[in-house]
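Computed from the coordinates by the stated procedures, all read-outs in this text should not be read as laboratory data. A quick note: this is a predicted structure, and the numbers were derived from the prediction, not measured. A quick note on method: Cβ atoms are made from the backbone with ideal geometry, for glycine too, and the neighbour counts reach across all protein chains shown.
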Amino acid sequence: MATVETAETAVAEESGVRRRDFINIAAVSFAGAGAVATVFPLVNQMNPSADVLALASVDVDVAAIDRGQAIKILWRKQPVFIRNLTEKEISEANAVDTATLRDPQTLAERTTVGKENWLITMGVCTHLGCVPLGAAEGENRGEFGGYFCPCHGSHYDTAARIRKGPAPRNLDVPEYEFLSDTVVKIG
Amino acid sequence: MSFPWAKQYTPTTEFGQWMDEKLPVPRLVYNSLGAGYPTPRNLNYMWNFGSLAGIFLVVQIVTGIILAMHYAANANIAFDSVEHIMRDVNSGWMIRYAHANGASFFFIAIYLHIGRGLFYGSYKAPREMIWLLGVVIYLLAMATAFMGYVLPWGQMSFWGAKVITGLFEAIPLVGKPIQELLLGGFAPDNAALNRFFSLHYLLPFVIAGVIIMHIWALHIPGSNNPTGVDVKGPQDTVPFHPYYTAKDGWTLGVALIFFSAMMFFLPNALGHADNYIPANPLSTPAHIVPEWYFWPWYAILRAFTFDFLFIPAKLLGVLAMFSAILVWFFLPWLDKSPVRSGLFRPKFKIFFGILVVDVLILGYCGGAPAEEPFVMISQLASAYYFAHFLIILPLLSRLEKPEPLPNSITESVTGKPLETAR
Amino acid sequence: MVRIIGILIGLFFSGWLLVSFGRGAVEYATNPPVKPVEYSFHEEPKDVSFSSDGPLGKFDRQQLQRGFQGYKEVCAACHSIRLVAFRNLEEIGYNEDEVKAIAANWAIGVPDADPNTGEMTTRPGLPADKFPKPFANDIAAGAANNNAIPPDLSLMTKAREGGAPYVYSLLTGYTDPPANLPEANRPGPGLHYNPYFANLNLAMAPPLAVDDQVSYSDGTKASIDQMAEDVSAFLIWTAEPKLEERHQAGWAVLAFLLIATILAYLSYRTIWADVKAEKKKKSAEA
């Protein structure tokens with residue numbers, strides 16, 4: 001495939017002209033494609049590893065939580081409030097006109113069908129991330145009977161919706177699913 | 001520096017022009033590795049190992065930085081963190097095996113590169129500085145590899161560290177205090193592991209810096225060539241790019257094939273099973289050996305079995321081991337033959353061949369248990385090693401009768417004299 | 001000057017080495033070193049192959065499950081596999097529910113603080129947990145096993161020369177000490193003779209003593225040989241769970257590199273064609 005040039009051809013002159021032979025382009029492109037493919041695992045290694053993903057969801061047994069009680073659990077290294085709402089708390093939540101809310105949502109939108117008494121929310125204030133009070137016995141539940149964040153005074157109601165204070169959104173509701181009447185899988 | 005007929009860099013784009021005025025990096029690359037570096041036309045494949053070593057250094061740095069994202073340098077969890085990488089981190093097993101085997105391939109390339117230098121007289125004037133910087137790179141690479149092997153905190157990691165740091169004790173008077181300073185304790189433990197991790201991360205970048213100087217120093221006289229005859233005219237050279245970039249490129253492919261075959265199918269072949277056992281200070285492995293690239297030096301260390309007057313054997317071994325490498329620093333002044341290349345030095349060629357065999361024998365003994373007959377063989381092989389560099393080479397440059405050199409590179413390649421070649 | 005000093009140093013090192021060699025050679029000739037007895041009685045691992053051997057090796061998941069059963073019923077009482085998580089069992093063919101059940105019903109609980117009192121206690125395992133250790137620490141392990149500490153098995157096939165064949169040989173290699181075994185090498189109290197073990201006598205009693213010690217659910221005859229082979233294969237997996245991915249990736253990479261290298265070589269020949277054409281013919285071809 002190498003065309004034999006005459007011996008007189010000076011090497012220096014020859015290389016002045018870049019030889020755009022197809023084979024050169026093919027070789028560089030093929031190698032380049034390989035280099036690009038190699039980058040993928042080198043970057044993907046930064047994605048969550050298998051042991052982190054294994055803890056991406058947690059099963060919680062809620063049988064011991066009576067009406068009116070709540071617990072705090074750790075999920076993905078963050079607190080989650082699991083509250084068993086009383087009938088009074090549910091009717092209080094439903095009585096509110098959502099148009100007046102900063103982040104309009106009904107209680108039904110924040111719970112699952114058939115389990116409307118179970119309010120499962122992140123225990124992270126949507127303002128700047130403190131853990132609000134109200135989940136444990138005796139803690140200040142704020143002016144609206146839900147949760148109260150002492151850092152900057154955000155008040156959440158019985159459906160954990162923001163009513164007063166600087167927080168922009170209601171407490172986030174994580175993905176969850178009841179595997180049975182007493183076990184809920186979060187995440 | 002370089003040759004007057006070297007092609008000049010001319011930026012073709014506006015951005016290229018702007019860069020050239022503000023920070024002429026493209027020009028630097030062009031002149032050092034690009035079309036602006038005239039290189040002898042007759043380089044053989046032994047000249048490929050420099051760039052190959054450089055590429056394996058890049059592989060080590062990239063895989064190393066990634067491993068450092070997941071590794072924990074604490075004696076209690078180091079071993080488990082490496083297993084976490086192998087089992088849970090996405091592609092972690094691949095990156096770990098690449099790093100472990102990459103070290104071996106880095107040293108294979110370095111040894112072949114050094115061998116090229118020894119045979120073709122690349123250490124001789126005017127290239128002494130390149131050679132000295134190269135020996136510095138080699139020492140830094142050995143330090144880096146030694147510390148890296150400690151990090152997984154397996155049995156060999158711990159006991160290898162114990163043996164090598166234990167060597168410092170052999171230094172009279174100040175030995176033990178120095179050892180404790182280096183270890184931060186009385187034996188390899190958390191303090192040593194943490195500082196080894198820090199230095200293991202640092203040294204490769206120091207190596208990279210020295211490599212830049214190594215290449216800079218190279219560009220002053222330009223590359224050596226198999227005949228050892230100086231470049232005399234433009235006919236003797238070709239521009240590095242595309243001629244040697246293409247040549248280095250395809251041999252890189254070959255090297256990567258071997259590397260991938262090791263990495264994916266025989267990833268633990270060059271390692272030691274004992275390093276998959278967590279470090280146990282109470283239990284010594286049956287045979288403590290370092291990684292294969294240290295074996296020749298290990299053999300020299302263990303070859304000294306008798307005290308000499310007031311010098312204990314252990315100290316002799318340490319002095320000899322370090323001398324065996326330090327002797328390379330003096331090579332340009334030990335071997336003063338005016339003929340550069342071994343191709344034209346028939347006696348030198350023979351002794352070089354013996355040296356290669358000798359180093360291979362030393363390597364084999366270094367990996368073997370410290371028992372007979374390996375100790376006796378090591379003693380003979382080490383004796384030859386020192387004799388070669390310190391006695392034979394200096395005498396050879398006086399006594400040998402070299403063959404006639406070709407008039408020019410072009411003449412040796414084409415058969416036609418340089419002047420009429422155009 | 002350098003050369004003179006060099007020659008002197010060289011004479012010193014080489015000289016002393018030759019003297020040492022001489023003295024060593026005399027010693028070797030007059031007092032040849034005696035090879036330890038172990039050398040003559042020690043046996044190399046038996047010839048056994050596994051489906052995962054070689055560059056085309058793959059796991060046999062049925063075998064791995066049998067091996068896991070063997071580990072669970074025979075080995076787990078003393079040997080941990082603390083680097084393996086229950087969830088990893090999905091890789092050898094168990095589904096999510098089976099894994100949950102295995103984890104929850106594992107004989108040893110996972111150490112954790114009591115959520116109410118804070119006292120350290122144990123709880124049932126979850127898939128995300130690693131296999132809990134049978135002994136809290138080395139001291140407890142030694143106390144329960146006549147001062148011998150049963151090693152963790154997660155990496156055993158990579159941590160021993162001979163790998164899985166060595167493990168298999170050890171498990172099937174227990175035998176009575178031969179008549180000509182010197183007194184000093186006979187198994188003392190609490191030790192058992194096994195020629196596949198480097199020191200000939202080990203503290204572990206034969207774990208597989210009779211056939212059908214494990215009742216395999218897939219109907220495979222559980223001979224000692226079979227159980228040993230299955231457990232060894234299982235331990236290959238615990239040590240190298242990524243073996244199959246590694247082989248697959250390897251073939252893909254080699255295939256790519258082969259093509260890339262060929263293309264690169266052709267490109268090299270094209271670029272060098274004119275320069276190489278100027279080379280004189282070697283005299284042999286002329």
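Once the principal axes of the Cα atoms of chain C are found, what is the range along each, listed largest first in whole angstroms?
84, 64, 47
Compute the label zone of A:R102 within region A:148-183: residues whose backbone N is under 12 Å from the point 7 Å along Cα-to-Cβ.
Residues passing the 12 Å test: A:149, A:152-157, A:161-171.
Straight-line reach only, C-alpha to C-alpha below 28 angstrom: list the lysines that B:K336 could link to, leaving out same-chain residues fewer than 8 apart.
Once the sequence-local lysines are set aside, what remains near B:K336 is B:K124, B:K232, B:K347, B:K349, B:K401.
Show me the three semi-axes of the equivalent ellipsoid for chain B, from the C-alpha gyration tensor (sqrt of 5 times each eigenvalue), largest first, rounded to whole Å.
40, 30, 18
Rounded to the nearest 0.05, what FRET efficiency do C:F41 and B:I350 give with R0 = 51 Å and r taken as the Cβ-Cβ distance? Could you check? Don't jump to the answer; show the numbers that get you there.
Working: r = 46 Å, r/R0 = 0.91.
Rounded to the nearest 0.05, the efficiency is 0.65.
For B:K247, list the lysines whose Cα falls under 20 Å from its own Cα; do not include residues on the same chain fewer than 8 positions away.
List returned: B:K7, C:K276, C:K279.
Would you kindly compute the Cα radius of gyration of region B:189-340 and its largest Cα-Cα separation (Dmax), both in Å?
That works out to 22.3, 67 Å for Rg and Dmax.
For A:K115, give me every one of the lysines with a C-alpha distance below 26 angstrom, ignoring sequence neighbours fewer than eight places off in its own chain.
Candidates past the 8-residue exclusion: A:K72, A:K77, A:K88, A:K185, C:K100.
Let me see the P(r) profile for region C:1-154: every Cα-Cα distance counted, bins of 10 Å, each bin given as a percent of all pairs.
Reading upward from the zero bin: 8, 21, 20, 14, 10, 12, 11, 3, 0.
Amide H neighbours of C:V110 under 5 Å, at least 5 residues apart or on other chains, H built in the peptide plane: list them.
So C:V110 has HN proximity to C:R123, C:G125.
Are there chymotrypsin sites (Phe, Trp or Tyr not before Pro) in region B:324-421 that DSSP puts in a loop and that have at most 16 other Cβ atoms within 10 Å, and which ones?
Sites meeting the loop and neighbour criteria: none at all.
If you consider only alpha-carbon coordinates, what radius of gyration and Dmax does region B:327-400 have, in Å?
When restricted to the Cα atoms of region B:327-400, Rg and Dmax are 13.9, 43 Å.
Give the calculated FRET efficiency between C:Q248 and C:K72 to the nearest 0.05, with a Förster radius of 25 Å applied to their Cβ-Cβ distance.
Using R0 = 25 Å, I get an efficiency of 0.30.
Please compute, over every Cα-Cα pair in the protein assembly as shown, the percentage with a separation greater than 44 angstrom.
Working: 194422 of 400065 pairs.
In whole percent, the long-distance tail amounts to 49.
Scale the Cα Rg of region C:73-151 by the rule-of-thumb value 2.2 N^0.38 Å and send over the ratio, two decimals.
Details: Rg = 13.8 Å, N = 79, 2.2 N^0.38 = 11.6 Å.
So the Cα radius of gyration is 1.19 times the expected 2.2 N^0.38 Å.
Spin-label point model (7 Å from Cα, Cβ direction): what's the B:L309 to B:E180 distance in nm?
So the label points at B:L309 and B:E180 sit 3.1 nm apart.
Spin-label point model (7 Å from Cα, Cβ direction): what's the B:K416 to B:A261 distance in nm?
The two pseudo-label positions are separated by 4.1 nm.
Scaled to the compact-protein estimate 2.2 N^0.38 Å, what is the alpha-carbon radius of gyration of region B:76-143, rounded to two decimal places? Write out the running numbers ahead of the final one.
Working: Rg = 17.8 Å, N = 68, 2.2 N^0.38 = 10.9 Å.
Output field value: 1.63.
Would you give the gap between the C-alpha center of region A:127-187 and the C-alpha center of region C:201-242, rounded to a whole Å?
Each part reduced to its Cα centre gives a spacing of 53 Å.
Just from its helices, what would the mean residue ellipticity at 222 nm be for chain A, if runs of 4 or more DSSP H residues each count -39500 (n - 2.57) and the sum is divided by every residue, rounded to the nearest 500 deg cm²/dmol?
Here the helix-only value at 222 nm equals -6500 deg cm²/dmol.
Within region B:1-68, which chymotrypsin sites (Phe, Trp or Tyr not before Pro) sit in a loop by DSSP and count at most 15 neighbouring Cβ atoms inside 10 Å?
Sites meeting the loop and neighbour criteria: B:W5.
Let me test this: with uniform point scatterers at the alpha carbons of region C:195-266, what is the Debye-based log₁₀ I(q)/I(0) at q = 0.17, 0.21 1/Å?
Debye curve over Cα of region C:195-266, log10 I(q)/I(0) at q = 0.17, 0.21 Å⁻¹: -0.83, -1.00.
Could you bin all the Cα-Cα distances of region C:16-57 into 5 Å bins starting at 0 and give me the percent of pairs in each, rounded to whole numbers?
The distribution over region C:16-57 is 6, 15, 11, 10, 10, 9, 10, 7, 7, 12, 4, given as percents.
Would you please report the Å³ per residue occupied by the convex hull of the alpha carbon atoms in region B:26-167?
For region B:26-167, the hull spanned by Cα atoms encloses 153 Å³ per residue.
Looking at the P(r) of region A:49-187, how many percent of alpha-carbon pairs lie beyond 26 Å?
When all Cα pairs of region A:49-187 are counted, 19 percent exceed 26 Å.
Would you please calculate the Kirkwood hydrodynamic radius of region A:74-144 over all C-alpha pairs and express it in Å, rounded to one decimal? Don't skip to the answer; put the middle values down first.
On the way: mean 1/r = 0.0738 Å⁻¹.
Result for region A:74-144 stands at 13.6 Å.
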